[in-house]
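One structure is given below, encoded as structure tokens.
The values are calculated or read from the model by the stated rules, or taken from the named source; none is laboratory data. Just so you know, these numbers come straight off a predicted model, no measurement behind them. Please note: Cβ atoms are built from the backbone with ideal geometry, for glycine as well, and neighbour counts cover all protein chains shown.
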Amino acid sequence: MNALLEPSVIEALYQASQAGVQIDLIVRGLSILRPGVKGLSENIRVRSIVGRFLEHSRIFHFANGGSDEIYLGSADWMPRNLFERCEVAFPVRDLAARARILDEILPACLADTVKARLQQPDGVYIRATKLLKDAPPFSCQNFLMNLAEGKADLAAIPTPQPAKLEPARPAPKAPARAAAKNRKLKKATAAD
């Protein structure tokens, strides 16, 4: 999807993580969920993939105790899409379409190391190439284009490497110019 902003959805994902559910999210744009936080979201991994087509499919796969459920939808998980617009999500029942989603699209996206960035517990995204140094370079978008042209097959998808999280970093210090501006504002406000 493109954005994950709805607090009630994020809370449900946290609860699922705490219950032991393994969750992989592919969120191209903004995600306010914090993955990998001990006791909260340690079973959640978030990756962003931005390729040349700015793609962001909305595929939802739920393992559901071994009975796979797959949905395609139009909405990102954000308040305006879930509560203020007419959006649709529908189950994928066609066996060929389900196989393509489960065997081609999702594994390719989870194996991407070329365009993927992995969200850290502090919200910072780090390139997969930096965190997954032993993983072979693999672009899901290039693979899917080659697959469509008959130039690749499913054997080309490497086994996805587990997303790695770095320890949380301290918050960055404000640039000197911004700090000086803040001091001037405080002085001006105090003089008034």
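Things to note:
- Among the residues making up the stretch 132-163, those that are free of Cβ contacts under 8 Å to residues at least 60 places away in the same chain and closer than 16 Å to I26 by Cβ are L132, F138, F143, L144, I157, P160, Q161.
- Residue match in the stretch 108-120 (condition: surrounded by fewer than 17 Cβ atoms within 10 Å (Cβ to Cβ) and of a type in the set (D, E, K, R)): no
- Apart from one condition, L131 fits all of (1) within 20 Å of N43 (Cβ to Cβ); (2) modelled with pLDDT under 85; (3) among the aliphatic types (A, V, I, L, M); the exception is (2).
- For the stretch 123-147, the tally of residues that are of a type in the set (A, V, I, L, M), part of a helix (DSSP H, G or I) and over 16 Å from the mean Cα position of the chain (by Cα) stands at 3.
- Every condition in (1) within 24 Å of A3 (Cβ to Cβ); (2) at pLDDT 90 or above; (3) of a type in the set (A, V, I, L, M, F, W, C) holds for A97 except the one numbered (1).
- When the stretch 57-82 is filtered for residues that are in a strand (DSSP E or B) and modelled with pLDDT of 85 or more, the ones remaining, listed by number, are I59, F60, H61, F62, E69, I70, Y71, L72.
- Matching residues, the stretch 89-121, being charged (D, E, K, R), within 14 Å of the chain's Cα centre (by Cα) and assigned to a loop (DSSP other than H, G, I, E, B): D112, K115
- Any hit, the stretch 137-151, residues being basic (K, R), in contact with a helix residue (DSSP H, G or I) (Cβ under 8 Å, 6 or more places away or on another chain) and more than 29 Å from G39 (Cβ to Cβ): no
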